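Report on the following structure.
The values are calculated or read from the model by the stated rules, or taken from the named source; none is laboratory data. This one's a predicted model, so the numbers in the text were calculated from it and none came from an experiment. Reconstructed Cβ throughout: ideal geometry from the backbone, glycine too, with neighbour counts over all protein chains shown. Only protein heavy atoms, including side chains, enter the accessible area calculation; ligands, DNA and RNA are left aside. Shrake-Rupley method; radii C 1.70, N 1.55, O 1.52, S 1.80 Å.
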Amino acid sequence: MNIDKELQKGHFVIGKCTKCGKKVWPPMDFCDECFGEVIMEDGPQTGRITEFAKKENEYFCIIEMTEEIRIMGKLLSGTPKNNQLVKITQCGIVENNYFFEFSLLESANM
Amino acid sequence: MNKVGIAAFGLVKFSLEDKPVESLLLHSVKSLFENCPNLTKKDIDGVLVSTNHNSKYLSPILSEISGIEPKIAHSVENLCNSGSNAIVSAYSYVASGLAESVLVSGAERYDSPGKILEWDKSRGEYSHPIYWASIFTKSYKQKYAVKDEDLALVSFKNHRQSRENPNALQSEDYTIEDILNSKKVTEELRLLECSRSCTGGAAILISSEKKIRELTDCPIWITGIGQKTTSAGFTKNTLFSSMESSTIAARNALTMANCQPKELDVIELHDAFSVCEPMALESIGLASEGKGMTIVKEGISSNNFKINPRGGLIGAGHPLGATGIAQTIEIMQQLQHNADSRQVDSPKKGLIHNMAAASTSSTVLVLEN
């Protein structure tokens, strides 16, 4: 299983257990619930902001895509609010670090 | 289980010096032997090294350069709470009867690799601790209507208290205004609200009751231990306004010690960032949710050193592998009534809270005299 190869192509993938169906993040060889074999599948492209903070003019957010999958990344524009829906605009690997970039799908006044 | 306590300690002043980690370890052990004249090298059955440094087999190296030939020799690493984990390992060896005395030495350099969690890819590019701390701070402030001016009090208190600690990295007194006007690292955190990675060392001798009575007239007993690891990834946290692993570890340690939070006389908390102090006070059960700052404010108004008497991580500095050991030494000195101008009034019970990886892993110890 090589998530890095997929991320390098800008492709967000997650793991799925072939035995119990659990989504596994970060993807590993075996499921953390039942030790079933894990295969990669396309990851969700949207999630909701669970928390955020700001550095200079840039917001960084934790988004929850499913109960098991939360990732941290940069909000490209707009002002975030908890529980707002966002989509992954870009992901990849730079200097050995993963990166995720999000954009808002809902206005802050929802 | 056999009764286990602390027989001796050694400290190396925290600094930003460029020293080899082996030298720091050796200095801490030399200091420990100087503080415990009855101790001989043959008394030591185990040597544990606590560090995030990348060097290999540091425990055999420390043993050789100290002239010790232990039965047990290995390293313990768990990021920022490596030190307290090493103490728990030493406790286990002694309590089980495998060893009579285990020397624990922790050391770190200012450029420790333990600051960055490379495995935790879910953090994306936000791998530095400042980012999880900013998320915690934002969440805590919003949930409990806590202001920047409130959290700045933690740094104010701990910097002030570190002035009484001769081994602290910093000894400057800062006003609330200094703290609020210090450089904004993120929107939520200012530079003077952050602990600083530094160079330092600390050593402690964990011994059986029989051995401890041969070595010291002022034994300090380890009566409670609690540990909990909830995950390795920061984003696995479901709440960012409280510290689950710390709450569980504190509850287990206090239960083992048959101690209520209100019985604690002196406490060392892992204030890696200002918000961690009120959150830790709540985890221990000294304050209800969102009310941790009440205790910080009481400490300032009464000039009471009960919480983080040596200045915490913010004031004293944070040499990762040595921090948990230095915290334990402070509580030991307090319970021995040997803490000079930091001394709190007649303490009987003290607690150490040491955590790692955005509070996904915590260790809590209860000590008694």
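Results, tabulated for the structure shown:
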| quantity | calculated |
| --- | --- |
| One residue from B:292, B:311, B:317 being buried (at least 16 other Cβ atoms within 10 Å of the Cβ), at negative phi and in contact (Cβ under 8 Å) with a residue 12 or more places away in the chain | B:292 |
| Residue list for region B:124-136, filter: touching a Leu at 6+ places or on another chain (Cβ under 7 Å) and within 7 Å of chain A (Cβ to nearest Cβ) | B:127, B:134 |
| Members of region B:268-289 that are in a loop (DSSP other than H, G, I, E, B), touching a Ser or Thr at 6+ places or on another chain (Cβ under 8 Å), open to solvent by less than 30 Å² (accessible area, probe 1.4 Å) and in contact (Cβ under 8 Å) with a residue 12 or more places away in the chain | B:270, B:271, B:272, B:274, B:275 |
| Flag for residue A:69 being among the β-branched types (Val, Ile, Thr) and facing chain B (nearest Cβ under 9 Å) | yes |
| Residues within region B:68-94 that are under 23 Å from residue B:219 (Cα atoms) and either β-branched (Val, Ile, Thr) or open to solvent by less than 10 Å² (accessible area, probe 1.4 Å) (or both), tallied | 7 |
| Criterion: within 10 Å of chain B (Cβ to nearest Cβ), within 13 Å of the chain's Cα centre (by Cα) and buried (at least 17 other Cβ atoms within 10 Å of the Cβ) - qualifying residue of A:99, A:52 | A:99 |
| Close pairs (6 angstrom Cβ cut-off, 6 or more residues apart or separate chains): over 19 Å from residue B:28 (Cα atoms) in region B:322-350, basic (Lys, Arg) anywhere | B:344/B:306 |
| Residue check, residue B:184 within 14 Å of chain A (Cβ to nearest Cβ), within 19 Å of residue B:278 (Cβ to Cβ) and open to solvent by 20 Å² or more (accessible area, probe 1.4 Å) | no |
